[in-house]
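The values are calculated or read from the model by the stated rules, or taken from the named source; none is laboratory data. None of these values were measured; they are calculated from a predicted model. Note that each Cβ is placed from the backbone with ideal geometry, even for glycine, and that neighbours are counted across all protein chains shown. For the accessible areas, the whole protein counts, side chains as well, though only heavy atoms, and no ligand, DNA or RNA atoms are used. Shrake-Rupley method; radii C 1.70, N 1.55, O 1.52, S 1.80 Å.
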Amino acid sequence: KEVNVAVVGATGAVGNEMVKTLEQRAFPVKNLYPFASKRTAGQKINFHGEAIKVEELTEEAVKSKDIKIALFSAGASISKQFAPIFAHHGAVVVDNSSAFRQEPDIPLVVPEVNPHAIAQYKNRGIIANPNCSTIQMVVALKPIHDVARIKRVIVATYQAVSGTGKKAIDELERQVRELFNLQPVTCEVYPYQIAFNCLPHIDVFLENGYTKEEMKMFFETRKIMEDETITVSATCIRVPVFYSHSEAVHMQLEKPISPEEVKSLLAKAPGVKVVDDPSKNLYPLAIEAAGKDEVFVGRIRKDLAFENGIAMWVVSDNIRKGAALNAVQIAEVLLEKYL
Ligand code: 2RA
């Protein structure tokens, strides 16, 4: 059945990808309603060969459209203000911002991990899309957790600048040009030069010395895996990469499991592609994962620091599976099973 779909934040890096993904996956869209701020409203976006005008996001504009599904990626404050308005007018919101992820009555969903949680959309008409760095990690952790139960995870992330948005993609490009032209480097998005550098600072610092990004991985992993006993210690780093987040994941399990068993489990796991043959220099690479749907896993080995430990390298396109694709996959299950 065809439904009216809204994309809020349609001109942003993730919003753009949401429209592209709806088209690529032939989501049954009756009418597409792209929304954006006053600043970028008026632009046209292309959907199935049709140029559609981006509307300014107002309650008035929502009323008369019978929108059934609304994909949001416009920041937490816009989601807090408008997601309830869309829900009030009959839409189910899939929100990519952090606004509702920790609300107990709002499901936080990765379709390969906890698709059943989508049924809780009925509470408030809102489903939360997890943070990109969490999504790719739990897709890889779930098959292992089901067999050997994860006790704790230590993860270091290497996050692409596209996670910050279009302006950060431009910043990296500009700084490389400035450096190669022997001009002074200008920093408008990040506090320090990102080109040829690593910044251990994503989102804001909290009292406990972790950043908000790192604590998202702690809280979201437990909620999605439905296991509050799992502990996660994350260090999230911004690196000079345009697309794809890479993660060094180390875990301690309740039961022993060999790297070979992990490899065969992951080879069968939904949404995962194992790329793991060091003898042939085969392991996941950010530039190869960019533009693809899968979560790529490699460097699978026994972790020498933990009893029952496993270490692995997890790479995925942070704008696709990390955001837009996961949101559209939630919408697909929602439409197929619940609407
Ligand atoms: C980042 N995960 O990479 C955050 C938000 N997309 O900046």
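Which percent of the accessible heavy-atom area of the stretch 72-191 goes to carbon and sulfur, probe 1.4 angstrom? Looking at the stretch 72-191 in its full context, I get 54 percent from C and S. Select from P256, P34, P104 the residue whose mean-square fluctuation is largest in a Gaussian network model of the chain (Cα-Cα springs shorter than 10 Å). Highest fluctuation of the listed residues: P104. Entry comment: accessible area of the chain is 44 Å² per residue, from protein heavy atoms only and a probe of 1.4 Å. Relative to the dominant Cα principal axis of the chain, helix 325-337 is inclined by about 70°.
Is the chain best put as rounded, prolate or oblate by its Cα gyration tensor, with a ≥ b ≥ c the root eigenvalues, rounded for a/c under 1.5, and otherwise prolate when a/b is larger than b/c, oblate when not? It is oblate, given that a/c is not under 1.5 and a/b is not larger than b/c. When the chain is treated as a GNM with alpha-carbon contacts under 10 Å, the residue of H250, H48, H201 showing the greatest mean-square fluctuation is H48.
Taking amide H as placed 1.01 Å from N in the peptide plane, T235 has its amide H under 5 Å from the amide H of V155, A156, T157, each at least 5 places away in sequence or on another chain.
Inter-part distance, the stretch 145-210 to the stretch 42-69, computed on C-alpha centroids, equals 32 Å. For the residue pairs K263/K321; K80/K216; K122/K273; K38/K212, the C-alpha atoms sit more than 27 angstrom apart in K122/K273; K38/K212. The GNM of the chain, with springs linking C-alpha atoms under 10 angstrom apart, assigns the highest mean-square fluctuation among I135, I169, I257 to I257. If you take all other residues with their beta carbon under 12 Å from the beta carbon of L108, and give Lys and Arg +1 and Asp and Glu -1, the sum is -1.
In this model, which of K65/K223; K151/K280; K142/K167; K20/K53; K30/K142 are farther than 27 Å apart at the alpha-carbon? From K65/K223; K151/K280; K142/K167; K20/K53; K30/K142, over 27 Å: K65/K223; K151/K280; K142/K167; K30/K142. In the chain, the calculated helix contribution to ellipticity at 222 nm averages -9500 deg cm²/dmol per residue, counting -39,500 (n - 2.57) for every DSSP H run with n ≥ 4.
The angle separating the long axis of helix 212-225 from the principal Cα axis of greatest extent in the chain is about 90 degrees.
Sorting C198, C132 by solvent-accessible area of protein heavy atoms yields C198, C132, largest first, with a 1.4 Å probe.
Restriction of the GluC sites (Glu not before Pro) in the stretch 105-199 to DSSP coil positions whose beta-carbon has at most 10 other beta-carbons within 10 angstrom yields E188.
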